[in-house]
Amino acid sequence: MIIDCHGHFTTAPPQLGEWRDRQVAAVGDPANAPDPGDLAISDDDLREAIESNQLRLMNERGSDLTIFSPRASFMAHHIGDFQISSTWARICNDLIYRVSELFPNRFAMAAMLPQSPGVDPATCLPELRRAVEELGAVAVNLNPDPSGGKWTAPPLTDRSWYPIYEAMVSYDIPAMVHVSTSCNPAFHTTGAHYLNADTTAFMQLIQGDLFADFPTLRLVIPHGGGAVPYHWGRFRGLAMALKKPDPEGLLDNVFFDTCVYHQPGIDLLTSVIPSSSILFASEMIGAVRDIDPHTGHYFDDTLRYVSATPRLTERERTAVYADNALRVYPRLAARLAAAEK
């Protein structure tokens, strides 16, 4: 079995974006805010959006199941206030739930949280609980920078985040640490902001001592960990200078995905990071959608790279494909086990 731990609904029916445009236009003018009940997306709309896109490519490339969440750039937590984020998160999560119900053997839900700059992260708890208890979410996405590239939030090790971590531990779910759109022109959203955030999050974890308080907490850092594997020696050296433990000790709680879009990158990732801390992923259909003229294959067909790397034994490759994900996402494992009965 091959589990893709990183998928977003980037091909949602256009009605979703149109409704969001109306919501954004009404920021500061709540009397003209659109009613969520006005958003009409049928099951047939969802089937068409999935079957002609994500599901088609999953079948062509050989992956079996995707952990699916709302489009990362659409989370846009910096827009409006908490109420706007709350309404938007609920709508997006409901759509992901419907996809997971329409294709229960192919998609599992990961929820976005209604984060908002300067707002206590504990305000996200009602939606987190709803997503897990009512919608069956197996994970959440956690944005370390709700300000959209301005980095006004405290580091992930700050105690203000602890209510979310407490809920995650209680539900035994992981979070993918994933930012949203950058509204800072210095940071291209997918080329700079995403990778900067991955690297920043890991450095924050080195500087803090989060897992002493939450020894069973699990965080997934996407996009191959940003710069982390490439600069592993720098992070080890900085940890020593800061009198912190070797960062390899974080890898019982921190996992990197394989959203790295060339063979040398996957070879490096699998050389530096233990295979037990790597999860297969493609972020398909995501930031990079074209065919690589050097190979003749899509950049984001990451299964090809993982299959080809000589840095993994066959047992390790199997773990990266599915076994690690079943360990990191136990609610997914339980769901699959129940479906087999």
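Can you confirm whether segment 70-77 contains a residue that is in contact with a Pro (Cβ under 6 Å, 6 or more places away or on another chain) and modelled with pLDDT of 95 or more?
Within segment 70-77 (the criterion being in contact with a Pro (Cβ under 6 Å, 6 or more places away or on another chain) and modelled with pLDDT of 95 or more), the answer is yes, since at least one residue qualifies.
Considering only residues that are part of a helix (DSSP H, G or I), of a type in the set (D, E, K, R) and buried (at least 18 other Cβ atoms within 10 Å of the Cβ), which ones fall in segment 237-266?
Those that are part of a helix (DSSP H, G or I), of a type in the set (D, E, K, R) and buried (at least 18 other Cβ atoms within 10 Å of the Cβ): none in segment 237-266.
Condition test on S182, is it at pLDDT 95 or above and open to solvent by less than 30 Å² (accessible area, probe 1.4 Å)? Spell out how you get there, then give the answer.
Working: at pLDDT 95 or above: yes; open to solvent by less than 30 Å² (accessible area, probe 1.4 Å): yes.
Taking the combined requirement at face value, the residue satisfies it.
Of the residues that sit in segment 1-38 and are of a type in the set (A, V, I, L, M, F, W, C) and over 26 Å from the mean Cα position of the chain (by Cα), which one is least open to solvent (accessible area, probe 1.4 Å)?
Across segment 1-38, the extreme among qualifying residues is A26.
Could you check how many residues of segment 283-336 are assigned to a helix (DSSP H, G or I), open to solvent by less than 70 Å² (accessible area, probe 1.4 Å) and farther than 30 Å from L217 by Cβ?
So the answer is 2.
Part of a loop (DSSP other than H, G, I, E, B) and either open to solvent by 40 Å² or more (accessible area, probe 1.4 Å) or of a type outside the set (G, A, S) (or both): is that true of P146 in this structure?
Here the answer is yes, as P146 does meet what is asked.
Examine segment 305-317 for a residue that is of a type outside the set (D, E, K, R) and touching a residue at least 60 places away in the same chain (Cβ under 8 Å), and state whether such a residue exists.
No, that holds for no residue.
Suppose we filter T258, T309, T313 for residues that are within 17 Å of the chain's Cα centre (by Cα) and modelled with pLDDT of 95 or more; which single one remains?
Answer to the check: T258.
Could you please give the count of residues in segment 98-122 that are in contact (Cβ under 8 Å) with a residue 40 or more places away in the chain and in a helix (DSSP H, G or I)?
Residues in segment 98-122 being in contact (Cβ under 8 Å) with a residue 40 or more places away in the chain and in a helix (DSSP H, G or I): 5 in total.
Among the residues of segment 154-173, is any closer than 21 Å to V99 by Cα and not polar (S, T, N, Q)?
Checking segment 154-173: at least one residue is closer than 21 Å to V99 by Cα and not polar (S, T, N, Q).
Under 7 Å between Cβ atoms, at least 6 apart or on separate chains: pull out the pairs that start in segment 209-223 with a residue that is at positive phi and end on any residue that is of a type in the set (S, T, N, Q) and assigned to a loop (DSSP other than H, G, I, E, B).
none
The values are calculated or read from the model by the stated rules, or taken from the named source; none is laboratory data. All values derive from a computational prediction rather than experimental measurement. All Cβ positions, even for glycine, are placed from backbone atoms using ideal geometry, and neighbour counts span all protein chains on display. Remember, those area values only see protein heavy atoms, side chains included, never the ligands or the DNA or RNA. Shrake-Rupley method; radii C 1.70, N 1.55, O 1.52, S 1.80 Å.
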